[in-house]
Amino acid sequence: MKKLLPFLLPLALLAALAWLFLQTNTPKGVYKELPILGNHRLDTLKANGTMQIDTIYHTIPPFSLSNQNNEIITEAVVRGKVYVADYFFTTCQSICPIMTKQLDRVYKARPEVMILSHTVDPETDSAAQLLNYSKKFAADGKRWIFLTGEKPKLYELARKGYLLDAREGNGGAEDFIHTQNFALIDKKGRIRGFYDGTDSSAVNELITDIGFLLQE
């Protein structure tokens, strides 16, 4: 054993140096598993002759709305795709312009994803109004879709689908949603994160998290 020491010590030193090199040069956090948000339940099903327990997660429900080109858009347009959803209105002078500029950053940084921007003021935001608004950002109508429709449907989707507003409401005349949050949706229609659309650092995190989600 003593005769081997002169050979083993250099090898051990080289191994230690190699380990130190890997520890200091391997990027940290190259992958992060994002949480699946919303209520979920356990369901029992039969597979391969045995009973198994499966987790059923909250997903975005079916919808039918009109885009800036006055075309009917349903959940089929985002099926199997990663996308970001938000709520705004074109005449807003407070948080909405900031949010839309931040979404423009996402749009340019992540061409792989879609964006669905829903109006909270459909009486004002007709398809023509949304089209004019989208032109300010040179938005491709296939990737960044601005949506309008019946107010109760839009509001129910915001509350029960995207979980962007926790208050009760029916989309009536006195009901109004004004949220700065963006929702990140995965390829299975599940919510994977909420981000403050008025905070550039939060939007930076969104852009990064989209990359993680695309790896799944």
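The values are calculated or read from the model by the stated rules, or taken from the named source; none is laboratory data. These numbers come from a predicted model, not from an experiment. Every residue, glycine as well, gets a Cβ built from its backbone with ideal geometry; the counts of neighbours run over all protein chains shown.
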Is it true that Asn181 is under 27 Å from Asn39 (Cα atoms), under 14 Å from the mean Cα position of the chain (by Cα) and of a type outside the set (Asp, Glu)? yes
Per the list (1) under 29 Å from Glu216 (Cα atoms); (2) out of contact with any helix residue (DSSP H, G or I) (no Cβ under 9 Å at 6 or more places or on another chain); (3) in a loop (DSSP other than H, G, I, E, B), residue check on Ala158 breaks on (3)
Of all residues in segment 193-216, which are free of Cβ contacts under 8 Å to residues at least 40 places away in the same chain, assigned to a helix (DSSP H, G or I) and of a type in the set (Ser, Thr, Tyr)? Ser201, Thr208
Scanning segment 85-144 residue by residue, those part of a loop (DSSP other than H, G, I, E, B), free of Cβ contacts under 8 Å to residues at least 40 places away in the same chain, closer than 27 Å to Lys187 by Cα and basic (Lys, Arg) turn out to be Lys142, Arg143
Residue among Asp140, Asp86, Asp104 that alone is in contact with a helix residue (DSSP H, G or I) (Cβ under 9 Å, 6 or more places away or on another chain), among the charged types (D, E, K, R) and crowded, with 16+ Cβ neighbours inside 10 Å: Asp86
The one condition Thr55 fails out of (1) more than 30 Å from Glu174 (Cβ to Cβ); (2) at pLDDT 95 or above is (2)
Looking at Ser134, Ser117, which is the one that is touching an Asp or Glu at 6+ places or on another chain (Cβ under 6 Å), surrounded by 21 or more Cβ atoms within 10 Å (Cβ to Cβ) and of a type outside the set (A, V, I, L, M)? Ser117
